[in-house]
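Below is one structure, written out as C-alpha cells; comments come after it.
Any read-out appearing in this document is the output of simple, stated calculations on the displayed coordinates, not a laboratory observation. Source: prediction; values computed, not measured. Note: ideal-geometry Cβ built from the backbone for every residue, glycine included; neighbour counts use all protein chains shown.
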Amino acid sequence: MIETDLRSSTATPRRSGSGMARRLRQLGMLGVSQAGVTLTAFVTQVLLARSLPQAQFGAFMSVMSLVTLAAPLATFGVADFWLQRFGREGPRAFRWVRPSIVLVAVSSGLLVAALVGWGLVELDEPADAGLRIALAPIILSLVAMALSGAALQLRGAYGQLAALQLAPQVGRLLVALLTGILGLSALMVALGYALVAVVTVVMSVLVIAPFWHGRATLEGHPPAPRPSTRRPRVDHLVAGTGLFLLGSLFYQLGMNLGVVTSAEFLSPEDAAVLAVPMTLLTAIYLLPRIVYQQYFLAKLHRWSRSNRNAVLIAYRAGTIGMIGLGVLLGVVVAVAGRFAIPLIFGSQYRASVPVMAVLAIAIPLRFGAASVESLLTSNGLVRQKVLYQGLGSLAFLAALATAIPLFGAAGAAWATVLSEAILLTLFWAKAKRKVVADAELPSWAEIRRTFARS
C-alpha cells in the first residue's frame, strides 16, 4: 500500500484505490488462512494432549521439536535467499533456482537419513526410536512448504499460499480426530503425520515446478524474457544461503530447544508441561511472520533499493504498532491462560499455567523484533542480524543450562524471555544506526496522510 502511493504521481485515484483494495484482499486472505492454520494447529494439539498419555504426548512433542530444529539445516536458507535474490535481480534470479533446489535435496536427504539412522541405532528404546523414524518425512514437508511458500510470495499468489498453508494442518487435525476416536498410540499419530507430509511434498512440488523451468511471472517486476545467464557456482550459492540458514536455525532453537532439553534432562511429562504453552506461543508468533515473512519482506527488498520513505514508515509505524499489539496479546494470554489451559488441555496441565504467564512477556518482544529484523534483512544487514541472533542463542543456551536444573519448565520459559529481550535490543539499535541513520522519520500525521492517499 505504501508502494502504491509513492510509485507514480500520474496514477489515477481509481487505480490507487484498486491497488489498496487488492493489497487489503491479499492481507485478508493471508490473515484468514493463518487464523485457520492457527486454530487448526491449536485444536490438533488439544486433541493429542487429551487423547495421549502425558508421557507419550511429551515424547511426541520432543521429537517434533527436534524435527523442526532440523528443518533449517535441510532448507539451507534457500527460501529467504530466493526472496532476496528475486527482489534485487528480478527474472535474472531464475539462474539460482536449480542449483539451490539440488542443494536442498542433498541436505534434506542427509538429515532424513541421519534421523532414521539414529532411530535404528537406538531400537533398545522402541518408543522413541519409532517416533524418530516415523517423523523423519516431516523434514521433507517443512522444506517443501518453505520453498513453495517463497515461490508463491514472489508470484503474488496469496490465495494459493493461504490454501497451501492450511492443507497440511487439516490433515494433521484428521489424524488427531482419529486418535481420539480410535485410541491410537503416539507412534500411530507419527505415521499419520508422515502420510500428511508425503501429500504436502507432492503439492509443493507442483507449485515449485514453474520456477524450476523459469516460467513463473514475478509480482512487482515487468514481464520480460529471462536473460541467458550462467548458473552460479556452488560455493557462491552456499555463501549466499549460509546466513539465512543460520538465522532460521537460531530462530528455531529459541522455539524448540526448551522442549527437547526438558525431555532429555527432566522427563517427558515436564516436556509436555512446557510444550502446551509453547504451542500457544508458536501460534501467536505466526502473526508477525504473516505480516513480514509472507507479505512485506519481498516488498521491503524492493523498497530498500527504490523507496526510502516507505522503509522509514515501516520502521516507525511497523515497530511501534507491532509492540503495541504484542502487549495487548500478552496481557490477554497471561490472564486467559490461567483458566483456559486446565479447561482445554485438562487438569494434568495446571503446571503449564505459570509457564504460560512467563512466556506472555516474550510476545511483545518478539513482535517488535520481527519488525526491525525484516528491515535489517532487506537493507543488506543480514550478517549483523545473524550475528545478533547467534548472541541471543548463546544467551538462551546459557540460561537453559542454569535455569532448567533450578526451576524446571519455568526456567526454560524465563530463558526464552531473556533471549527475546536481547534480540529486540540488538536489532532495534542496529536498525536505528544503519537503516534510519541520520534520516528524519516521518511524523505520525504524515504517515496517516500517506495511508489515506493510498
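Rounded to the nearest angstrom and ordered from largest down, what semi-axes does the equivalent ellipsoid of region 89-165 get from its C-alpha gyration tensor (root of 5λ)?
After diagonalising the Cα gyration tensor, the semi-axes are 33, 16, 5 Å.
Counting only other residues whose beta carbon sits under 14 Å from that of Thr425, what net charge do I get with K and R as +1, D and E as -1?
Charge balance in the 14 Å sphere: +3.
In square nanometres and to one decimal, what's the mean projected area of the convex hull around the Cα atoms of region 113-208?
Averaged projected hull area, Cα only: 6.5 nm².
First select every other residue whose beta carbon is under 15 angstrom from the beta carbon of Gln348; then total the charges, Lys and Arg +1, Asp and Glu -1.
Around Gln348, the surrounding residues sum to 0.
Compute the semi-axes of the equivalent ellipsoid of region 44-112, taking the square root of 5 times each eigenvalue of the Cα gyration tensor, and list them largest first in whole Å.
Output for region 44-112: semi-axes of 36, 14, 8 Å.
Give me Rg over Rh for region 227-275, both radii from the alpha carbons and Rh done the Kirkwood way, two decimal places.
Using Cα coordinates only, the ratio equals 1.38.
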